[in-house]
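What follows is calculated from the coordinates using simple rules that are stated; it is not laboratory data. Since the structure is predicted, the reported quantities are computational estimates derived from the model, not experimental observations. No Cβ is skipped: glycine too gets one built from the backbone with ideal geometry, and neighbour counts run over all protein chains shown.
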Ligand SMILES: [Zn+2]
């Protein structure tokens, strides 16, 4: 019998099953990387004592940038090209240690980063990749600087093709190029953003005709589209085009919320992202004043938008934009979601089962037989979201305990 066929029983603790139901006493049996039994009085070949702890499904972060390490452009420009991949290895480890067993990379990581984790070269959460940030000329992903130089945080390379497109034909070609490079989701900017020098988060980018082509190309290959979208008009354009998730969603009006409900569109708030920009500026990182001003301007509107979306019943999944802020601090997002009126159970469901559904993993996100054995053990009260990062004591991925 191989080691992996042994039954490991997690006993004596509470289980938060991922659905949003409150934690309840239960044992969980894992074998061959899968959950095989959940109940009371279960036994196994080896036991993990969960007394005083709560077992959660492996947590998700649906918006990270693994190859990004802060937003100081000057510092980033001094780093050798390949350094980002070694940093990604460190970032993957930190993210896993935080209890995150699955991430969606929202531009930056390429197929090599994903495959290195899959092949066991580096420890990390499983990674769903978008590779590039599809942007119009002058849009959020355009690295053009007022000096006339092009300088961005993610330089195109063979694994990460350029992603500036104008017009439906270029959009089609860009989409196909990214899908060829291994993109599992296409990331598009349908509005300006906080970190781009020459645009405004409230302005729309790309026309409905361009977005229709993008969604059609993704769908044709069984993929979907996520949209960086902050202003209401760009959000609505994205939703109408059939984009699966709105990232940030800073200025949601009632019509946008209504459209998201009707289309079943997901919201990934990334409430911590503007906070991270302000914190970095306060810590002395050289960031253009315009960026810091934009970050300060959006914070209040962001909280208000997410609160109204949550109240209305918009589907919400957890994302942080880590890479803007430090990797491994992902769970700092959770108290901010709670501050938008979500209950701790709702926040944790958004971070587990809901995120799994958004990313299309039907064997993750809940604790039930047949699911992959991604599990997180938390000391004390799992609903104390502020204390949660410090309370994560064990992280298991595919039935194997990760070094924490
Ligand atoms: Zn992002």
* With the Cα gyration tensor of segment 327-404 giving a ≥ b ≥ c as the square roots of its eigenvalues, does the rule (a/c under 1.5 for rounded; else a/b larger than b/c for prolate; else oblate) give rounded, prolate or oblate? -> oblate
* Asked: Exposure proxy check: 368, 210, 247 ranked by fewest other beta carbons within 10 Å?
  -> 368, 210, 247
* Asked: Quick one: helix 289-312 against the long Cα principal axis of the chain, what's the angle to the nearest 10°, folded into 0 to 90?
  -> 50 degrees
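When DSSP beta bridges are limited to those with both residues in segment 1-57, what percentage is antiparallel, rounded to the nearest 5?
Roughly 65 percent of the DSSP beta bridges within segment 1-57 come out antiparallel.
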* Asked: Per residue, how much space in cubic angstrom lies within the convex hull of the C-alpha atoms of segment 193-333?
  -> 113 Å³
* Which of 251, 140 has the fewest Cβ neighbours within 10 Å, and the rest in rising order -> 251, 140
* What percent do you get for the relative contact order of segment 59-359 when only Cα pairs under 8 Å and 6+ apart count? -> 20 percent
* How big, on average over all directions, is the shadow cast by the Cα convex hull of segment 59-359, in nm²? -> 13.6 nm²
* Structure fact -> In segment 37-179 the DSSP beta bridges are antiparallel at a rate, in percent to nearest 5, of 20 percent
* Which value in deg cm²/dmol, rounded to the nearest 500, describes the helix-derived mean residue ellipticity at 222 nm for the chain, given -39,500 (n - 2.57) per DSSP H run of n ≥ 4 and division by the residue count? -> -10000 deg cm²/dmol
* Structure fact -> The relative contact order of segment 43-151, taking Cα pairs under 8 Å that sit 6 or more residues apart, comes to a percentage of 25 percent
* To do: Give me the number: length gained by fully extending residue 339 to residue 198, i.e. 0.36 nm times residue separation minus the C-alpha to C-alpha distance, one decimal in nm.
  => 47.6 nm
* To do: Work out how far the C-alpha atoms of segment 86-199 reach from end to end along every principal axis, then list the three figures in whole Å, largest first.
  => 40, 28, 22
* Restricting to segment 59-359, compute how many DSSP beta bridges are antiparallel as a %, nearest 5. => 10 percent
* Could you put 50, 340, 150 in order, starting from the residue whose Cβ has the fewest other Cβ atoms within 10 Å? -> 150, 340, 50
* Hey, quick one: spin label on residue 384, modelled 7 Å out along Cα-Cβ, who in segment 9-26 has an amide N within reach, i.e. under 18 Å? -> 13-16, 23-24
* **Mean Cβ neighbour count within 10 Å, used as a protection proxy, ranking 353-359, 127-133 highest first** => 127-133, 353-359
